[in-house]
Amino acid sequence: SPGVGDMWRSTDMARSLRLIAETNAEVMYSGEIAERIVDFARSTGGHLTRGDLESHASTWVDPIRTSYRGHDVWEIPPNGQGLAALIALNILEGFDLAAVARNSAQSFHLQIEAIKLAFADAHRYIADTDRVPVPTQELLSKNYAASRRALIGDRALLPEPGDPTPTQGDTVYLCAADASGMMVSYIQSTFDGFGSHVVVPGTGIVLQNRGSGFSLEPGHPNVLEPSKRPFHTIVPGFLTKDGTAIGPFGVMGGHMQPQGHVQMVVNTVDHRMDPQTSLDQPRWFWHKDRSTLLEPAVDPAILEELRGRGHDAKVWNELDAYGRGQIIWRLPSGSYIAGSDHRGDGQAIGY
């Protein structure tokens, strides 16, 4: 295998990318690459068929939104988990977070409790809307948020079952903007690190393992079924105000993504932080039950106070658990300001 600093060329992948470009991606679903994927899957015990690939269809969808202190936050709808971020922000809107220090046990506690309640709903309801109804608007109603907010007290809640465990994901998020005001919020992922851990011979293509997002509980809206999309973690975000675009934002990292979105929006709206300052703030990550992970940069006094409130809080040194984010905001002058997460290898550049 190549060492650090070695030049490595993936000639198979280069050829695949050229074929995809030349055929407008048709080769992925009905051509040579599709044949290689199906043949490899079947030779290794899989059940993928040409018909599965040929029947694939990407869809244009309307994003979902909620208002948060005069701003509109936009996410991809179910089967994506962006709904969880919006539910949590609706709950948090009823607390005066601007009056609470950003890096304080009270601020962390309120945000963690809100995301717990949001994930309880997300894991109960999010599924492929082509197959089952998802009560998105009901979950995003302000009255519903008020009823959920009333459950939050000074002690850590024990939420309904759900297991958003930290994983070493293979997600890439990028955002871009041009002089005309066109902006893009984009995210792509193979789910786990290197997806299913197999490469189709002769293509350089790693197969994803998004089927891991299905439930095996009979009768669950997200239960594993043929020709169905699973619960999906990748969620690009966007922020607007009074119908005007502020900009794209996103955080890589599995179930950390909506949690990162909540923290980015709170940093921006409640604490008036610029993109880089927002991304540089110490983060928390709700793991499951009452378990929460804190970055090493979090004040030890916050850790102890959270424990005193019933949180099973601990410092977790692996920064991948807290996601890697990118943000671009458009200023009223038309200029842009951007930030890139020090936890990853991205950067903010202009030209």
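The values are calculated or read from the model by the stated rules, or taken from the named source; none is laboratory data. None of the values given here were measured: they were computed from a predicted structure. Reconstructed Cβ throughout: ideal geometry from the backbone, glycine too, with neighbour counts over all protein chains shown.
Worth pointing out:
- Asn209 vs. criteria touching a residue at least 24 places away in the same chain (Cβ under 8 Å) and touching a strand residue (DSSP E or B) at 6+ places or on another chain (Cβ under 8 Å): no
- Per-region count, the range 111-158, residues of a type in the set (Gly, Ala, Ser) and crowded, with 18+ Cβ neighbours inside 10 Å: 7
- Scope the range 201-232; condition of a type in the set (A, V, I, L, M) and part of a loop (DSSP other than H, G, I, E, B); matching residues: Leu207, Leu216, Leu224
- Against the list (1) out of contact with any Leu (no Cβ under 8 Å at 6 or more places or on another chain); (2) in a helix (DSSP H, G or I); (3) farther than 24 Å from Pro282 by Cβ; (4) not β-branched (Val, Ile, Thr), the condition Ala127 fails is (2).
- Entry remark, the range 84-100: residues being touching a residue at least 24 places away in the same chain (Cβ under 8 Å) and of a type in the set (D, E, K, R) number 1 in total.
- Only one of the numbered conditions (1) on the phi < 0 side of the Ramachandran plot; (2) at pLDDT 95 or above is violated by Arg229, and that is (2).
- Arg324 in the same structural domain as Phe119 (by TED's automatic domain parsing) and surrounded by 21 or more Cβ atoms within 10 Å (Cβ to Cβ): yes
- Within the set Phe238, Phe191, the sole residue that is outside any loop (DSSP other than H, G, I, E, B) and either within 20 Å of Gln263 (Cα to Cα) or at pLDDT 95 or above (or both) turns out to be Phe238.
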